[in-house]
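The values are calculated or read from the model by the stated rules, or taken from the named source; none is laboratory data. On a predicted model such as this, the values are computed, not experimentally measured, just so you know. Reconstructed Cβ throughout: ideal geometry from the backbone, glycine too, with neighbour counts over all protein chains shown.
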Ligand code: ADP
């Protein structure tokens with residue numbers, strides 16, 4: 001089905017896990033800017049080389065690079081009928097860019113799912129993941145910096161979508177299935193039916 005969705009929430013809230021589930025239930029691609037950047041870092045591309053130090057420090061990659069990457073990804077045929085963006089937009093400039101990009105196609109965002117969770121619980125979750133997955137930016141110092149950058153730059157953009165009546169808040173604490181069920185309910189309530 002056609003659905004243009006965003007999943008937002010602080011680092012560690014489980015966006016990536018839930019994004020995959022929602023996207024496969026709706027038959028749309030889940031597009032994670034963090035995953036795309038990590039792949040570029042791993043492949044040693046010019047983009048990866050520019051992004052690596054910033055990511056390792058918990059800082060955002062510049063908007064122009066991020067916006068260009070999303071523009072190219074959304075131009076792929078699989079995103080024509082819809083998509084779920086995970087980790088984008090994250091700044092006011094990215095919101096404006098995405099608005100303009102979608103407007104060119106006569107499209108718009110249908111819903112923003114916001115995963116809500118207590119910050120200390122998230123720090124604990126990410127420290128646990130650090131031991132399991134070894135992500136370069138999962139050190140305690142970087143985790144705390146990522147939380148801070150999120151509060152400063154990304155929390156405010158949610159208000160923009162709230163003003164448009166597009167935000168569904170979902171409690172992000174609980175098992176993967178519990179959170180998935182809450183998201184499925186939020187989608188159904190808004191006519192975006194899916195067995196997540
Ligand atoms: P997290 O769950 O910690 O937010 P992500 O995988 O979404 O992790 O992002 C990891 C890093 O990739 C971010 O800390 C940032 O450096 C970079 N990044 C991802 N998406 C964006 C974006 N939209 N704008 C700027 N930087 C981004």
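Got a number for residues in the range 148-175 being in a helix (DSSP H, G or I) and touching a helix residue (DSSP H, G or I) at 6+ places or on another chain (Cβ under 6 Å)?
Matching residues across the range 148-175 total 2.
Scan the range 1-11 for residues that are assigned to a loop (DSSP other than H, G, I, E, B) and either more than 11 Å from the ligand (Cβ to nearest atom) or at pLDDT below 90 (or both) and report the count.
Counting residues in the range 1-11 that are assigned to a loop (DSSP other than H, G, I, E, B) and either more than 11 Å from the ligand (Cβ to nearest atom) or at pLDDT below 90 (or both) gives 2.
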